[in-house]
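Below: one structure, written as structure tokens.
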Amino acid sequence: MENTEQKKISLNVNEIKECLPHRYPMLMVDRIEDLVLGESAVGIKNVTANEPFFQGHFPSRPIMPGVFIVEALGQTAGVVVSKTMALEKSGGLVYFMSMDGVRFRKLVEPGDTLRLCVQKDRSHGNVWRFKGKAFVGDALVTEATFTAMIVIPSEEGGQSK
């Protein structure tokens with residue numbers, strides 16, 4: 001009997017940096033687990049008290065801003081796209097186009113570990129749509145559907161799709 005299950009890939013932070021242009025303080029993913037090319041991945045973000053946004057959000061009760069949780073989901077999806085399309089070789093970038101059905105269910109605080117689960121909903125050409133859910137332990141903290149566009153810089157200095 002033939003094994004039809006796709007190989008699952010794990011990436012460390014240095015391998016993630018090969019896929020994404022983000023760097024401190026905007027890199028929101030520490031590790032990728034269970035990456036299935038063209039389909040899905042699980043990102044891991046260890047939320048520490050040293051995150052720069054905690055200085056102002058909020059000093060007396062640090063809470064991770066929801067927009068950064070959605071960004072972490074988007075970066076996890078960006079790794080799926082980058083590895084699938086070998087964008088690290090072309091210099092291609094993945095840009096948010098839309099976010100729908102965003103829901104924030106629970107607070108994320110220092111010491112939490114976010115598990116960022118993204119699944120491709122569909123893709124057509126250079127546009128990919130994902131469904132994402134972020135968990136702390138078994139608790140759903142955020143969910144969203146988002147669309148991204150892949151842009152490959154052209155040799156003339158402009159951008160092509």
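Identification of strands (runs of 3 or more DSSP E) wholly contained in segment 1-59 with 1 or more residues that are at pLDDT 95 or above, under 23 Å from THR145 (Cβ atoms) and touching a strand residue (DSSP E or B) at 6+ places or on another chain (Cβ under 9 Å) yields 31-36, 40-46.
Based on this model, can you work out whether ALA139 counts as over 12 Å from the mean Cα position of the chain (by Cα) and modelled with pLDDT under 95? The answer is no for ALA139. Would you confirm whether or not segment 71-89 contains a residue that is open to solvent by 20 Å² or more (accessible area, probe 1.4 Å), closer than 20 Å to LEU140 by Cα, in a helix (DSSP H, G or I) and modelled with pLDDT of 95 or more? Looking for residues that are open to solvent by 20 Å² or more (accessible area, probe 1.4 Å), closer than 20 Å to LEU140 by Cα, in a helix (DSSP H, G or I) and modelled with pLDDT of 95 or more, one finds at least one in segment 71-89, hence yes. Looking only at residues of segment 34-54 that are hydrophobic (A, V, I, L, M, F, W, C), open to solvent by less than 20 Å² (accessible area, probe 1.4 Å) and under 18 Å from the mean Cα position of the chain (by Cα), we find that the one that is farthest from PHE130 (Cα to Cα) is VAL47. Exactly one residue out of SER154, SER123, SER60 is buried (at least 16 other Cβ atoms within 10 Å of the Cβ) and among the small types (Gly, Ala, Ser), and it is SER123.
With respect to the stated conditions, GLU143 is touching a residue at least 24 places away in the same chain (Cβ under 8 Å), part of a strand (DSSP E or B), within 18 Å of LYS45 (Cβ to Cβ) and among the charged types (D, E, K, R). Of all the listed residues (GLU71, GLU51, GLU33, GLU18), the sole one being touching an Asp or Glu at 6+ places or on another chain (Cβ under 8 Å) and not β-branched (Val, Ile, Thr) is GLU18. Has segment 99-110 got any residue that is assigned to a helix (DSSP H, G or I), at negative phi and aromatic (Phe, Trp, Tyr)? So far as segment 99-110 goes, no, none of its residues is assigned to a helix (DSSP H, G or I), at negative phi and aromatic (Phe, Trp, Tyr). Is it the case, given these coordinates, that PRO65 is under 27 Å from VAL151 (Cβ atoms), open to solvent by 80 Å² or more (accessible area, probe 1.4 Å) and within 16 Å of the chain's Cα centre (by Cα)? Considered against the rule, which asks whether it is under 27 Å from VAL151 (Cβ atoms), open to solvent by 80 Å² or more (accessible area, probe 1.4 Å) and within 16 Å of the chain's Cα centre (by Cα), PRO65 comes out as no.
The values are calculated or read from the model by the stated rules, or taken from the named source; none is laboratory data. Bear in mind the structure is a predicted one, so any value in this text is a computation, not a measurement. No Cβ is skipped: glycine too gets one built from the backbone with ideal geometry, and neighbour counts run over all protein chains shown. When the accessible area is computed, the model is the full protein with side chains, heavy atoms only, and any ligands, DNA or RNA have been set aside. Shrake-Rupley method; radii C 1.70, N 1.55, O 1.52, S 1.80 Å.
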